[in-house]
Amino acid sequence: MNGVLAIYRKEMIQYFRSPIAYFVMSVFLVGTGYFFLYNIFSTGVGTMDETFRNMGVLLVTLIPLVTMRLFSGEYTGRTMELLMTLPLKPWEIVVGKYLGAATILLLMTSATGINLVPLYLFGNPETKTILSGYMGFLLMGMACLAIGQFFSALTHNQIVAALITTPILLAFWFIGHLQAYQSSPELRGLFGYLSFSLHFGDFIRGLLRTEAVAFYFAVVGIALTLNTSYLQWRR
Amino acid sequence: MIKLESVSKRYGSRTIIHDISFSVAKGEIVGFLGPNGAGKTTTMRMIAGSTTPTSGRITVAGFDMGTQNQQAAKRLGYLPENPPLYDVLDVSTYLRFVAKVKGVTGAAMRAELERVISACRLEAVVAREIYKLSKGYRQRVGLAQALLGKPDVLLLDEPTAGLDPGQIQETREVIRAFGEHGAVLLSTHILPEVTLICQRVAIINGGRLLAIDSPAGLQQASQQTNNVLIEVSAEAEPLRQELLAVEGVSDVKVVSIGDGFVRAECQVDAQAGVEARIARVIATRWSLHRLERQQSTLENVFLRYVNQSAQQQKEAA
């Protein structure tokens, strides 16, 4: 556990001593602010529904920038050799790094809370729906991070890591749309089950389904387990 | 402290390391010599646990690297060929991170950091970001990292590469001081370094361990076919014939060096008196200007072993 904490602290220092965290956060906040204002003024309805969906797409495109350096950076900086020879178990490295990335996600998500100020001042939003929307957003973000972190472990090149992660996350986001073109109920079910956006949609509507929560946690669990086994296999 | 028992490493069908066995005792510095691509770094990486051998067993400080590598890692300091540094961190943050992972806790942390910082003379750069450091400082931060947590075993892959002569001297002192109570395996290209600080030398080429002995022992072993160098004013061919007839001379190479002088390199066997016989033979016909028995340097020893193994491999193929 000591190892997880040490890795986590190192990760946080690295995030804030390089421009990428600031860049991702500002793009995300400016984007969210714009969508928020646009949605409020164009519909005249004081909810976060549409804004959450926009935040989802933004997230899917920005996450690869957060995760691409996680392992690729260690390979090219030759520091993986250090991590693999220090008294650290592979899972400690994986979890420490993941918690660091999740902290960035948490920070950028909480910063969007500023949009809630005018919403509560001038409107009458449903607190429970907003909370469940945020919860869904964080869960989906955590699933995206785990996938991005796994792909970062597979390549030395950060750009390649981002280029693989982006289409895969987009596929998980859009796969629900394929339902419309399928006649077989099994495929429709599968596509619906794998869709990040459909599960997220439930949260946005204020629907807390165990199945959706379990789905995101399962994605995190599978990706991090694969990540750990890959590091072990690489020895 | 370090023990390798018939360790081999294969990548696919290619065998990188062939059945290597040796050990390094406590209080001993062993030099690891070999040309580039001989398998030094791979062997080091296997001992450090960043890659696993295909077969064989490695133990570090009594712990099996296959099953107890966590315990072993706590007792091991490793400086890879390229110092593993995080460029955006400053030196003290970086060292603190490594120390923490190695289990140095709160109260002991400060003293431990000060110890390695002064041992590696890093006082001037503790607050500087690593990407701003010169190559010499980077190498020393790498060494400081390896010394953290008072390991029993130190693995150093070319620790003096990129240092200036003064820094090399200081680094050697650090290694020597550590070697008084710990075990050190150090790979290097610099042959005099081995004679200076190592008690034993392991020579490796093509993934095979060719010899392991003290520097003096290796030199002695290779003295059996020593060289005698002479300079004479003479004709090349008649001189060669005369020299070959001398008892104890097995081969002669003659080259002209101008002004009617020739230089002859005679391969002789170890028995005494060969020089005297050569001198007598020459004195009967020519005038002798120089006669010298060449001591085999570690360099010659190294090259001999490496060339021999290259030849054997060619013959085998």
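The values are calculated or read from the model by the stated rules, or taken from the named source; none is laboratory data. Computed from a predicted structure; not experimentally measured. All Cβ positions, even for glycine, are placed from backbone atoms using ideal geometry, and neighbour counts span all protein chains on display.
Candidates in segment A:57-72 are the residues that are surrounded by fewer than 23 Cβ atoms within 10 Å (Cβ to Cβ) and touching a Ser or Thr at 6+ places or on another chain (Cβ under 8 Å); of these, the one that is nearest to A:Ile204 (Cα to Cα) is A:Leu58. Flag: B:Lys102 matches the condition of being buried (at least 22 other Cβ atoms within 10 Å of the Cβ), within 26 Å of B:Arg140 (Cβ to Cβ) and among the charged types (D, E, K, R). Working only within segment B:296-317, note down all residues that are without any contact (Cβ under 8 Å) to a residue 60 or more places away in the chain, in a helix (DSSP H, G or I) and over 18 Å from B:Thr195 (Cα atoms). Result: B:Asn307, B:Gln311, B:Gln312, B:Lys314, B:Glu315, B:Ala316.
Looking at A:Gly77, A:Gly3, A:Gly33, which one is surrounded by fewer than 19 Cβ atoms within 10 Å (Cβ to Cβ), touching a residue at least 40 places away in the same chain (Cβ under 8 Å), more than 24 Å from A:Ala143 (Cβ to Cβ) and of a type in the set (Gly, Ala, Ser)? If you could, list the steps in order and put the result at the bottom.
Numbers: A:Gly77 fails: touching a residue at least 40 places away in the same chain (Cβ under 8 Å); A:Gly3 fails: surrounded by fewer than 19 Cβ atoms within 10 Å (Cβ to Cβ).
Result of the check over A:Gly77, A:Gly3, A:Gly33: A:Gly33.
Go through segment B:189-199 and count every residue that is crowded, with 22+ Cβ neighbours inside 10 Å and either of a type in the set (S, T, N, Q) or in contact with a Ser or Thr (Cβ under 7 Å, 6 or more places away or on another chain) (or both). Residues in segment B:189-199 being crowded, with 22+ Cβ neighbours inside 10 Å and either of a type in the set (S, T, N, Q) or in contact with a Ser or Thr (Cβ under 7 Å, 6 or more places away or on another chain) (or both): 1 in total. Kindly indicate whether A:Val45 is loosely packed, with under 15 Cβ neighbours inside 10 Å, at pLDDT 95 or above and away from every other protein chain (no Cβ under 14 Å). It is false that A:Val45 is loosely packed, with under 15 Cβ neighbours inside 10 Å, at pLDDT 95 or above and away from every other protein chain (no Cβ under 14 Å). Across segment A:48-74, the number of residues qualifying as within 14 Å of chain B (Cβ to nearest Cβ) and either modelled with pLDDT under 95 or closer than 14 Å to B:Asp87 by Cβ (or both) comes to 3.
Looking at segment B:86-131, which of the residues that are closer than 29 Å to B:Thr59 by Cβ and within 26 Å of the chain's Cα centre (by Cα) is farthest from the other protein chains (Cβ to nearest Cβ)?
To start, the set of residues in segment B:86-131 that are closer than 29 Å to B:Thr59 by Cβ comprises B:95, B:97-105, B:108, B:112, B:115-116, B:119-120.
From what's left, within 26 Å of the chain's Cα centre (by Cα): B:116, B:119-120.
Working: B:Val116: 15, B:Ala119: 19, B:Cys120: 16 Å.
Here the residue is B:Ala119.
Just one of the numbered conditions (1) free of Cβ contacts under 8 Å to residues at least 12 places away in the same chain; (2) away from chain A (no Cβ under 14 Å) is not true of B:Tyr11: (2).
Scan segment A:98-112 and tell me whether some residue there is under 29 Å from B:Leu156 (Cβ atoms), in contact (Cβ under 8 Å) with a residue 24 or more places away in the chain, within 14 Å of another protein chain (Cβ to nearest Cβ) and crowded, with 21+ Cβ neighbours inside 10 Å. Looking through segment A:98-112, none of the residues is under 29 Å from B:Leu156 (Cβ atoms), in contact (Cβ under 8 Å) with a residue 24 or more places away in the chain, within 14 Å of another protein chain (Cβ to nearest Cβ) and crowded, with 21+ Cβ neighbours inside 10 Å.
Any residue at all in segment B:34-52 that's of a type outside the set (S, T, N, Q), in a strand (DSSP E or B) and touching a residue at least 12 places away in the same chain (Cβ under 8 Å)?
Within segment B:34-52, the subset of a type outside the set (S, T, N, Q) is B:34-35, B:37-40, B:44-49.
If we keep only those that are in a strand (DSSP E or B) too, we end up with none.
No, because not a single residue in segment B:34-52 is of a type outside the set (S, T, N, Q), in a strand (DSSP E or B) and touching a residue at least 12 places away in the same chain (Cβ under 8 Å).
Take segment B:95-112 and flag every residue that is in a loop (DSSP other than H, G, I, E, B) and over 14 Å from B:Leu147 (Cβ atoms). Those that are in a loop (DSSP other than H, G, I, E, B) and over 14 Å from B:Leu147 (Cβ atoms): B:Gly103, B:Thr105.
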